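Notes for the one structure printed next.
Throughout, read-outs are computed from the coordinates displayed, never taken from laboratory work. Treat the numbers as computed from the prediction; the structure is a model and nothing was measured. Here the Cβ positions follow ideal geometry from the backbone for every residue, glycine too, while neighbour counts run over all protein chains shown.
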Amino acid sequence: MNLEGLPVVTKEGTRRDHDIMIFALSTCGFCKRALSFLDANGFAYRYLYVDLIPLETKNAIKQELRERFHESVAFPFAVIDNEHHLVGFIEADWKLTLGV
Amino acid sequence: MADRQKTREDTELFTRMVASKQGWVLNPDTEFYSTLVEGLMRNFNRYGYFLCPCRDTEGSREADREAICPCVWSKLDVPEYGHCYCALYFSKEFASTGKQPAAIPDRRFS
């Protein structure tokens with residue numbers, strides 16, 4: 001997925017054992033909670049607030065996520081190691097997937 | 001952009017009115033509630049309507065109509081899960097448990 005030129009934020013962290021990309025909404029409480037969870041557990045990750053980018057660009061990203069993961073796109077939408085995905089923030093699931 | 005911008009106070013009042021009309025309770029977690037009020041206010045001021053802060057716009061008021069707070073699915077979600085999709089509104093029963101809200105399925109796509 002080409003995210004070139006988009007406002008992707010890179011967060012440093014001591015844990016780099018997973019490649020973590022989060023698609024989120026800047027207005028969403030669960031998205032905020034998910035990012036706080038990653039910070040609190042020391043993960044390095046990247047995130048993109050899709051509500052802050054142009055509609056066509058966002059729709060193309062959502063279309064690619066739907067096609068790749070056969071899932072309707074809700075937020076937060078986490079892509080882990082370019083292979084797994086998590087939709088919505090349920091802490092137990094994120095702990096299990098990320099090995100916390 | 002909305003003709004008349006909403007303030008935080010306007011938006012908090014709106015959520016209190018919805019909660020009281022529906023017999024719901026506002027999310028007691030003040031930080032979470034504050035994030036959602038901020039999100040609702042920003043959505044109103046950029047789109048012109050209170051789009052649910054945890055749902056993305058589909059590009060128009062008509063396309064977003066069902067996701068305008070209180071979203072049409074909240075009448076199903078609150079009784080079933082104890083809170084609405086974005087966890088702004090709780091049922092009285094759920095609020096009394098002191099439990100944390102968790103992500104629930106988005107009926108928008110089911």
For chain A, state which trypsin sites (Lys or Arg not before Pro) are in a DSSP loop and have at most 13 other beta carbons lying within 10 Å of their beta carbon.
-> A:R16
Quick calc, the range B:8-109, dipole around Cα centre from Cβ unit charges on Lys, Arg (+) and Asp, Glu (-), nearest 20 debye, gives 180
What's the exposure ranking of A:D93, A:D81, going from fewest to most Cβ atoms within 10 Å?
-> A:D81, A:D93
Bridge orientation stat for chain A from DSSP, antiparallel percent rounded to 5, came to 70
Expressed as a whole number of Å, what is the distance separating the alpha-carbon centroids of the range B:27-64 and the range B:70-108?
-> 16
So for B:S20, B:S34, fewest C-beta neighbours within 10 Å to most, what's the order?
-> B:S20, B:S34
Over the range B:59-110, what relative contact order in percent results from Cα pairs under 8 Å that are six or more residues apart?
-> 26
If we count other beta carbons within 10 Å of each Cβ, what is the order of A:D19, B:D29, B:D77, fewest first?
-> A:D19, B:D29, B:D77
Taking 0.36 nm per intervening residue step and subtracting the Cα-Cα distance, what contour gain separates A:N41 from A:D93 on full extension?
-> 17.3 nm
Restricting attention to the alpha-carbon atoms of the range B:8-109, what are Rg (one decimal) and Dmax (integer), both in Å?
-> 12.7, 38
Determine the alpha carbon to alpha carbon distance for each of A:K95/B:K21; A:K95/B:K99; B:K6/B:K99; A:K58/B:K21 and list only those over 26 Å.
-> A:K95/B:K21; B:K6/B:K99; A:K58/B:K21
Taking the simple approach of a point 7 Å from Cα along Cα-to-Cβ for both A:E12 and A:H84, what is their distance in nm?
-> 2.7
Considering only DSSP beta bridges whose two residues both sit in the protein assembly as shown, what percent are antiparallel, to the nearest 5?
-> 75
